[in-house]
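Below is one structure, written out as structure tokens; the observations come after it.
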Amino acid sequence: MKTTTFRSFAAELEDAAASCLRVFRGGLRTFSALPWPALLLAAILAACAIAVIPTALMLFALFLAIKYAVLAINGDKTIPLED
């Protein structure tokens, strides 16, 4: 097995950073070429995704916690049947 040195690790980090910058610059070129209405729609969609997804996940976690709390309180009780 090949031993890893700091220089090879730093080279890998530099390659990863260069790839990320290349993707970022390509995205910026794409956004700069968009017309204003498309750019507005992209901004609105990004804002909705940033706002709605965490809210939905938080509500899911909250309702799941409430469900488990109710089950913990009432889970061991049985309902008596009337004859």
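The helix-only estimate of mean residue ellipticity at 222 nm for the chain, built from DSSP H runs of length n ≥ 4 each weighted as -39500 (n - 2.57), is -29500 deg cm²/dmol after division by the residue total. Using a 1.4 angstrom probe on heavy atoms only, work out the carbon and sulfur share of the accessible area of region 21-78 in %. Percent of accessible area from carbon and sulfur atoms in region 21-78: 80. Here Ala42 and Arg22 are evaluated by their C-beta separation; at R0 = 35 Å the FRET efficiency comes out at 0.95. Whole-Hz Karplus values for region 12-18 come out as 5, 5, 5, 5, 5, 5, 5 Hz, taken residue by residue from phi with 6.51 cos²θ - 1.76 cosθ + 1.60 and θ = phi - 60°; glycine and proline positions read x.
With the whole protein complex present, Leu34 retains an accessible surface near 60 Å², based on a 1.4 Å probe. Summed over the residues of the chain and divided among them, the accessible surface reaches 96 Å² per residue at a probe radius of 1.4 Å. Where (1) 14.5; (2) 5.6; (3) 4.8 are the candidate values, the label of the one calculated here for mean projected area of the Cα convex hull in nm² is (1).
The values are calculated or read from the model by the stated rules, or taken from the named source; none is laboratory data. The structure displayed is predicted, hence computed values, not measured ones. Don't worry about glycine lacking a Cβ; one is built from the backbone with ideal geometry, like all the others, and counts go over all protein chains shown. Accessible surface is based on the protein model in full, side chains and every heavy atom, while ligands, DNA and RNA are left aside. Shrake-Rupley method; radii C 1.70, N 1.55, O 1.52, S 1.80 Å.
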